[in-house]
1. Taking the range 184-206 as the search range and keeping residues that are surrounded by fewer than 21 Cβ atoms within 10 Å (Cβ to Cβ) and hydroxyl-bearing (Ser, Thr, Tyr), which one is farthest from Leu160 (Cα to Cα)?
2. With (1) free of Cβ contacts under 8 Å to residues at least 12 places away in the same chain; (2) surrounded by 12 or more Cβ atoms within 10 Å (Cβ to Cβ); (3) closer than 26 Å to Ile340 by Cβ as the list, and Lys407 as the residue in question, which single condition is left unmet?
3. Go through the range 383-412 and count every residue that is of a type in the set (Gly, Ala, Ser) and not in a helix (DSSP H, G or I).
4. Looking only at the range 114-132, count every residue that is of a type outside the set (A, V, I, L, M, F, W, C), closer than 20 Å to Phe244 by Cβ and either part of a loop (DSSP other than H, G, I, E, B) or touching a helix residue (DSSP H, G or I) at 6+ places or on another chain (Cβ under 7 Å) (or both) and tell me the total.
5. Identify all residues within the range 236-279 that are open to solvent by 40 Å² or more (accessible area, probe 1.4 Å) and outside any helix (DSSP H, G or I); write none if there are none.
6. Does Glu215 satisfy the criteria of being out of contact with any Ser or Thr (no Cβ under 8 Å at 6 or more places or on another chain), outside any loop (DSSP other than H, G, I, E, B) and open to solvent by 50 Å² or more (accessible area, probe 1.4 Å)?
7. Of the residues Ser90, Ser74, only one is of a type outside the set (A, V, I, L, M), modelled with pLDDT of 65 or more and open to solvent by 10 Å² or more (accessible area, probe 1.4 Å); which?
8. Give the range 288-299 a look and list any residue that's open to solvent by 30 Å² or more (accessible area, probe 1.4 Å) and either without any contact (Cβ under 8 Å) to a residue 24 or more places away in the chain or aromatic (Phe, Trp, Tyr) (or both), or say none.
Amino acid sequence: DGNDERLTEFQNLTMIELSSLDRNSTCDLLAGILENQELPVENLASTLWRKTRGNCLFMEQFVHHLEHLQLLGSTSEDEDWNEIDTFIQSVTHSIEDLGDLIRSRLDALPLVAREVVEHAAIMGNKFHVDYLEKTLLADQHVDMENLLELDLQNQKEYRLFEQVIGVKSGKAELSLDIKSIINALAELSFFVHVEGSIYRFAHDQLHATVLKTIEAPEELHWRMGHLLQNIMDQQESKPESWLFFSIVEHLNMGSRCITDDDEKLEVAALTLSAAYKEKRASAFYPASDYAKQGLALLSGIEHKWDFYKNILTKLIMIRAEVAMCCGQTEDCIQSTQEIIDHARAHDEIVPAFILRIRAYGQVAQFAKAVEEGVEVLARLGEIFPKRPNVGSLKNQLVKGKRRGFGKNKNDLKKLGPMKDEKMKMNMQVLAAIVFYAVRGTEETQKL
């Protein structure tokens, strides 16, 4: 949709609009898809155009669907084509759009293949065959051997049974081979081999439609997250980063299935770790999303600030930090305010105040930054005179110079104030104030 407001966020994108094909163009495209098949292309193109109205993707998928159903034989006689056309119409009469077509293709699959497609869709548009196989076989809610037995008993109900299972009707015994099923699904244009053990769905619409057909997708995401977590815990070597992020994504997408507070805390901790990883990689928007997901997990816990103050503070803090990195000053200030309202410890409050001071400075509100800093220091016990006289300032400078006279950096680190963690944090606040006072106007310098 060219009027999508989200497109305004990405000014460097170019909109590409594709108009639907007319009958002649449909005929040309169909001839290219069918290649050397001896079919009356004009007749078939007319039939498909009535169904697809010139949608290129819809038509291509429609042709492949007819091929896989073995409805496109080799014939050159119009009278033979009329029989084929009638049969095609009877098989596809309920298909009105691409979504109907995809659902029809899914219904033609045996149960084991349908389960493979659904688990693959939950894993994502792109998936790793080995991990898909391990999770399928480890999932106690899915009995693949039993599904295969049912498929063998009812194989005539599935038009794609022979193509997927790899045997002709009537064979009574067959061992389960998930990788072979995946390869067969790739030949049927459900999947595309990317490299090594990596496959992806043939197109995004197929992936999206499969997700819509899954019953209780949140529960499946939750199970997938735990299955992958068990696999990761059993690995002797350091797990791949994509696996960790995949686990976090699945557990959060299935978060409604989490009712135990301890599990919520565990998943929130994983989500916090993901936020830190993304922040270190300068991926600020994903880091913010993870922080928000972690906070959402803990939002329904009663008296959460009494029991989970530490992780709540960390989640809010990283959310505020990445908000400032993205120029979202108001979000940063609001987030830090939540910490200030609930936290009590010195090491929790001071970093939040320093971030607020920097947020004001980032938008050139230097006077506000300095005023905030002076108020913070007063709250922390460091009272600065609002109108200091010159003599008092000179006296303090002389005292400071005497204490530092003849001392190097290591000597200064041994001084009493440098060993006091509370005092060191106060000095960080003061450093932020001085920075913005110097950068600001004459008004802030007076402050």
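1. Only one residue tops the list, namely Ser197.
2. (3)
3. Here the count works out to 1.
4. 4
5. Result: Glu236, Ser237, Lys238, Pro239, Glu240, Thr259, Asp260.
6. Working: out of contact with any Ser or Thr (no Cβ under 8 Å at 6 or more places or on another chain): yes; outside any loop (DSSP other than H, G, I, E, B): no; open to solvent by 50 Å² or more (accessible area, probe 1.4 Å): yes.
Considered against the rule, which asks whether it is out of contact with any Ser or Thr (no Cβ under 8 Å at 6 or more places or on another chain), outside any loop (DSSP other than H, G, I, E, B) and open to solvent by 50 Å² or more (accessible area, probe 1.4 Å), Glu215 comes out as no.
7. Within the list Ser90, Ser74, the selection yields Ser90.
8. Selection gives Asp289, Ser299.
The values are calculated or read from the model by the stated rules, or taken from the named source; none is laboratory data. Computed from a predicted structure; not experimentally measured. A quick note on method: Cβ atoms are made from the backbone with ideal geometry, for glycine too, and the neighbour counts reach across all protein chains shown. Accessible surface areas use protein heavy atoms only, side chains included; no ligands, DNA or RNA. Shrake-Rupley method; radii C 1.70, N 1.55, O 1.52, S 1.80 Å.
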